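First the structure, in the form of structure tokens, and then the observations on it.
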Amino acid sequence: MKKQIENRTDVEFLVHQFYSKIRADEEIGFYFNTMIKNWDAHLEKLTDFWETNLFAVKKYKGNPHAVHNEVDAGFNGQITSNEFGIWLNYWFQTLEEYFEGENVEILKRRARKMGTFLFVSMFEHRKKMAENSLE
Ligand code: HEM
């Protein structure tokens, strides 16, 4: 039986299920398995992030743009729209597998939007890095 996403416990469950798919993926799992040293802390942080995003609590404090630019730089600027596509596919899949209702649609929309901004920001960051190395 699918349920609505109503509280932190639901978000936590979603985040855990999502990352178990991500970690097992052959194409993008290694980005996460290489970078993330403390999975408990990461899952807690991402639960804070999505809870903050959905329920307007003030738990997440961070800068996802800076973090993703760093991840991209750590892998020599090789992240493409393919990686974002795979990420979003798992996000949609996990949402649909366990949940239904308005918050499912909100979380799909917000992740898609954020993915676009993160990707553009990575491109700009790469350009800046390249310009700096020419100076
Ligand atoms: C498409 C939408 C995506 C969203 C909404 C998203 C969201 C986030 C958020 C909120 C964090 C935590 C940032 C912080 O530490 O404060 C994070 C961390 C991370 N993301 Fe993403 N992400 C997306 C796509 C991707 C993709 C495509 C990759 C890699 C191919 C990626 C790799 C990572 C890694 C490795 C971390 C952990 C970095 C670290 O703690 O060292 N993300 N992501």
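Condition check for V120 on (1) surrounded by 12 or more Cβ atoms within 10 Å (Cβ to Cβ); (2) closer than 16 Å to N63 by Cα; (3) of a type in the set (A, V, I, L, M, F, W, C): one failure, at (1). Taken over the range 80-123, the criterion of being among the acidic types (D, E) and more than 9 Å from the ligand (Cβ to nearest atom) is satisfied by E96, E97, E100, E102, E105.
Filter the range 94-126 down to residues that are among the polar types (S, T, N, Q) and under 14 Å from the mean Cα position of the chain (by Cα) and give me whichever is farthest from F30 (Cα to Cα). The extreme case among them is T116.
If the condition is being open to solvent by less than 30 Å² (accessible area, probe 1.4 Å) and among the basic types (K, R), then the range 93-109 contributes only K108.
The combined condition, being assigned to a helix (DSSP H, G or I), in contact (Cβ under 8 Å) with a residue 12 or more places away in the chain and more than 12 Å from the ligand (Cβ to nearest atom), is fulfilled by R126.
The residues of the range 1-47 that are over 23 Å from V57 (Cβ atoms), of a type in the set (G, A, S) and either loosely packed, with under 14 Cβ neighbours inside 10 Å or touching a residue at least 24 places away in the same chain (Cβ under 8 Å) (or both), listed by number, are S20, A24. Here is the figure for the range 80-92: residues that are open to solvent by 60 Å² or more (accessible area, probe 1.4 Å) and among the charged types (D, E, K, R) total 0. Cβ-Cβ contacts under 6 Å between residues 6 or more apart (or on different chains), taken from a first residue in the range 107-119 that is within 10 Å of H68 (Cβ to Cβ) to a second residue that is basic (K, R) and within 8 Å of the ligand (Cβ to nearest atom), are absent. Scanning the range 50-79 for residues being within 21 Å of I106 (Cβ to Cβ), within 8 Å of the ligand (Cβ to nearest atom) and open to solvent by 30 Å² or more (accessible area, probe 1.4 Å) gives a total of 2. Kindly establish whether N33 is polar (S, T, N, Q) and either more than 10 Å from the ligand (Cβ to nearest atom) or within 24 Å of V120 (Cβ to Cβ) (or both). Answer is no for this residue. The residues of the range 23-67 that are touching a helix residue (DSSP H, G or I) at 6+ places or on another chain (Cβ under 6 Å), under 13 Å from E12 (Cα atoms) and among the β-branched types (V, I, T) amount to a single one, T47.
The values are calculated or read from the model by the stated rules, or taken from the named source; none is laboratory data. Since the model is a prediction, treat every value here as computed from it, not as a measurement. Please note: Cβ atoms are built from the backbone with ideal geometry, for glycine as well, and neighbour counts cover all protein chains shown. Ligands, DNA and RNA are excluded from the accessible area calculation, which covers all protein heavy atoms including side chains. Shrake-Rupley method; radii C 1.70, N 1.55, O 1.52, S 1.80 Å.
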